[in-house]
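The values are calculated or read from the model by the stated rules, or taken from the named source; none is laboratory data. As the structure is a computational prediction, the values presented were derived from the model and not from experiment. For neighbour counting, all protein chains shown are included, and Cβ atoms are generated from backbone atoms with ideal geometry for every residue, glycine included. Just so you know, the surface numbers come from the protein's heavy atoms only, side chains and all, with ligands and any DNA or RNA stripped out. Shrake-Rupley method; radii C 1.70, N 1.55, O 1.52, S 1.80 Å.
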Amino acid sequence: MAQIWNDDDGERWAADADRRDRVLAPVGEALLTAAGLRPGEQVLDVGCGCGATTLLAAGQVSPGGTATGLDVSAPMLRVASARQESGGPANGRFVHADAQTHPMPGLFDVVISRFGTMFFTDPVRAFTAMGSALRPGGRMVLATWQPPEVNAWLTVPGEAIMRHATAPVDLRGRSMFTQSDPAAVEALLTRAGFVHVRLEDVRVPLHVGADVAEAVEYLAGTGPGRAQLAAVADADRDAALADMRTALTGHAGPGGVRLEAAVWIVTAFSDAPRTAAR
Ligand SMILES: C[S@@+](CC[C@H](N)C(=O)[O-])C[C@H]1O[C@@H](n2cnc3c(N)ncnc32)[C@H](O)[C@@H]1O
């Protein structure tokens, strides 16, 4: 996983960071609203990627607080540091480390993450480490994806593409959906020592393109879009893209193309200091 985020996936996210952050801005807003950050708080942003939510959090905990973004991806952290150096808040900082193994002494009031916790090879160990980063009673607030079939930003382009596919593509099996099942998330976080686990069903519109052409290009370049297009024969690719255009036209308005996203905003609390990973 660390290798993927340092190679292809990380480079792809880093190269398109500004657009991805525009698309995912409503999710970041929902996450930070739920986190209810206050000036003076110490925040850890796990899987911070290019740092958008870390820098927003840093602004919200100022004065007196700090926001630390932690990630395994060198290319994405390069973007995060560049963003901070070009006018970001001085109380934000970035750490290159694996959340599963990095020792994080219980100094944080809040752990946040926008889609940064679904890629762990050992999730219990990772969440236990995140719990140990919190002071007793500290809170963790995560954004994770609901299943693909309730995310219109996936079903609308996906149904158009899959009409041309030669084989089924199981999006549910992708790592981005490993925390889509509320019962499994609650069991995982409880096993990692968290208490009062709650999942809030949040629906937000994603602005996936200024027009239909940009929406097709953006959605075809996402992980799910690329996986589905890979199941289409080369000779049928143009027809699949044309069907995507038609499907997305129904969602275009004067402000661009908007499709609904369904996410879980997960809140949980640390009840006691922990040191052991298991
Ligand atoms: C889908 S991206 C989300 C990035 C960012 N939070 C955002 O919303 O733009 C997932 C992030 O999790 C990071 N990640 C994956 N496994 C990790 C681990 N074990 N420790 C720290 N970061 C990890 C990846 O490098 C990547 O930046």
| Elements of type helices (runs of 4 or more DSSP H) contained in region 1-102, each with 1 or more residues being loosely packed, with under 15 Cβ neighbours inside 10 Å | 2-6, 8-15, 17-35, 74-85
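Matching residues to (1) charged (D, E, K, R); (2) within 10 Å of the ligand (Cβ to nearest atom); (3) touching a Lys or Arg at 6+ places or on another chain (Cβ under 9 Å):
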position	(1), (2), (3)
ASP71	yes, yes, no
ARG78	yes, no, no
GLY87	no, no, no
ASP98	yes, yes, no
VAL110	no, no, yes
SER113	no, yes, no
ARG135	yes, no, no
ARG139	yes, no, no
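Given the criterion among the β-branched types (Val, Ile, Thr), within 15 Å of the ligand (Cβ to nearest atom) and assigned to a helix (DSSP H, G or I), identify the matching residue among THR121, THR117, THR128. Outline the logic, then answer.
Numbers: THR121 fails: assigned to a helix (DSSP H, G or I); THR117 fails: assigned to a helix (DSSP H, G or I).
From the options THR121, THR117, THR128, the qualifying one is THR128.
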| task | Of all residues in region 20-67, count the ones that are closer than 29 Å to THR121 by Cβ and basic (Lys, Arg). | result | 1
| request: Quick one: count up the residues across region 103-123 that are open to solvent by less than 30 Å² (accessible area, probe 1.4 Å) and within 26 Å of ARG174 (Cα to Cα). | output: 7
